[in-house]
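The values are calculated or read from the model by the stated rules, or taken from the named source; none is laboratory data. What you see is a predicted model; the values in this text were computed from it and never measured. Ideal geometry is used to build each Cβ from the backbone, glycine not excepted, and the neighbour counts take in all protein chains shown. In case anyone asks, the SASA skips ligands and DNA or RNA and just uses the protein heavy atoms, side chains included. Shrake-Rupley method; radii C 1.70, N 1.55, O 1.52, S 1.80 Å.
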Amino acid sequence: FTGDVEVLGAEMFFRPFPAKITQLRGRVLVADDRLEIRELSGQTGGGTVRLTGTMDWSRPPFRVDAELDGKGILVSLAGILKAQSDLHLGLHGNFQDLKLAGEVRILKARYLREFNEKLPPLNLTPAATSSKPPAPAVASTPGGPDLSRMALDVKVTAADNVWVANRVANIETAVALKIGGRLGAPVVSGEITAIQGEATYFSRQFRLESGSLRFVPPALVPLLDVQASTSVGDNQILFLIEGPLNKLSYHLTSQSGQRQEDLIALLTVGETRSSLTGRGERASIAGAAVFTSEPLVNALG
């Protein structure tokens, strides 16, 4: 086949991506050894996309060179994250050695899930969706593209307006991440940095002083570092959280140098341990549960 096709209206859907592209228009040229897409544009996620590129089969293995530009694309992932982004991505290489590279610039985003809810699994390959072996597909046949092996080099950035917004926290962040590795086993590096915000704990409002979530390969678990403060009467209390996300350590401190158990008692019942003890046995028993750091750790965990 040779010639050209003018696309007046079409839809496309790619399995690894969360939204289909509609209202496609543009021109496709076909030669005996290549296919060329000239400015194929459409809509997805309330935004616009533009695709250009070539597929060359003049000699094996087939080669792909394509560029995808997107403006104002809104994506919602399983009720966890809603984001609107601009993007520029390039797909280059032969079918056995594809690489997706470029940048996704987040315009605004909201992380909505509660901290105590377990995240659903992210299925990137057919094998991850079932305990049964995957059925043979085009991707696994000789000469066919295996998307799970596609190399990644994508930057994800946001100067601001990326919010953690749930019942516990309302925090604005900036994002500077790099996604490498392969589509079937991505590797994330970089940092999410807190800009401003507040969180509620022990029915008290904490103001965020600083915070970051750092992804440091080869570790799979990111490192959290948060400092927040609150006032109880004349006491200014600083709350520190740090360590790997699955093994955090917690610490309370104050300018007055009060002990940890007194600060916990202040947060929970509004009085120090010594003042409770000084008012007799009943007050001491009432506050006994907060005299160690265990409730603090359990509740945060």
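The table below lists the values:
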quantity	calculated
Test for GLU67: is it assigned to a strand (DSSP E or B), surrounded by fewer than 11 Cβ atoms within 10 Å (Cβ to Cβ) and touching a Gly at 6+ places or on another chain (Cβ under 8 Å)	no
Any hit, the range 110-122, residues being within 22 Å of LYS155 (Cα to Cα) and modelled with pLDDT under 90	yes
Subset of the range 202-220 [open to solvent by less than 90 Å² (accessible area, probe 1.4 Å) and of a type in the set (Gly, Ala, Ser)]	SER210, GLY211, SER212, ALA219
Options ALA199, ALA158, ALA194; residue that is touching an Asp or Glu at 6+ places or on another chain (Cβ under 8 Å), open to solvent by less than 60 Å² (accessible area, probe 1.4 Å) and not in a loop (DSSP other than H, G, I, E, B)	ALA194
Residue in the range 33-51 that is of a type in the set (Asp, Glu), over 20 Å from HIS88 (Cα atoms), open to solvent by 50 Å² or more (accessible area, probe 1.4 Å) and at pLDDT 90 or above present	yes
